[in-house]
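Asks: Below: one structure in structure tokens.
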Amino acid sequence: MRPAIAQIWDWLAEVPDPEIPVISLTDLGIIRDVGWQGNTLVVTVTPTYSGCPATAVINLDIENHLRAKGIDQIRLERRLSPAWTTDWISDAGREKLRAFGIAPPIDGTGADGHVLTRVGALTGSNLVVACPRCQSNDTRRVSQFGSTPCKASWVCNACLEPFDYFKCH
Ligand SMILES: [Zn+2]
């Protein structure tokens, strides 16, 4: 018996992101497709960026989790185009990031309607990142790399709290 595709999506939603375990792989939006080819389950994954060191771990986590559910024939496929963007992070995922103290990636517009710089322009001088604790836009980057390569360290000038900004793209 092949489990239904909807069931498999539910199972994949239980797999945490190895770098930011508060959100799942489906919250992150990197699982692009799930389908049966005969008795083999094919899971298509788009890495957050092509050199992301977590990719191998993610693939192993997917495989282990689905095997534990009784699926023994699994093929993981990598799809690099279109490239993952932070827009693919679900609303639930953004909420979880904020609750965890990580500024969710900026998706083009801020809550107050201002058009903000995209994540890809992180090295530019115009990036506005709201503090996940007090929502102030008066923040500055202190390091390009945070606790993992996918995060940058920022600090809020208003409440002085340091926080991580999720920058993988
Ligand atoms: Zn703050």
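Asks: Looking only at the range 19-57, count every residue that is over 15 Å from W9 (Cα atoms) and aliphatic (A, V, I, L, M) and tell me the total.
Replies: Residues in the range 19-57 being over 15 Å from W9 (Cα atoms) and aliphatic (A, V, I, L, M): 5 in total.
Asks: Can I ask one more? Quick one: A13 ticks every box in (1) open to solvent by 80 Å² or more (accessible area, probe 1.4 Å); (2) modelled with pLDDT of 95 or more except a single one, so which number is it?
Replies: (1)
Asks: While we're on this one: Quick test for you: out of T86, T40, T44, pick the one residue that is crowded, with 19+ Cβ neighbours inside 10 Å and either of a type outside the set (A, V, I, L, M, F, W, C) or out of contact with any Leu (no Cβ under 9 Å at 6 or more places or on another chain) (or both).
Replies: Among T86, T40, T44, only T86 is crowded, with 19+ Cβ neighbours inside 10 Å and either of a type outside the set (A, V, I, L, M, F, W, C) or out of contact with any Leu (no Cβ under 9 Å at 6 or more places or on another chain) (or both).
The values are calculated or read from the model by the stated rules, or taken from the named source; none is laboratory data. A quick note: this is a predicted structure, and the numbers were derived from the prediction, not measured. Cβ sites come from the backbone with ideal geometry, for glycine too, and all protein chains shown count toward neighbours. We work out accessible area using only protein heavy atoms, side chains counted, and drop any ligands, DNA or RNA first. Shrake-Rupley method; radii C 1.70, N 1.55, O 1.52, S 1.80 Å.
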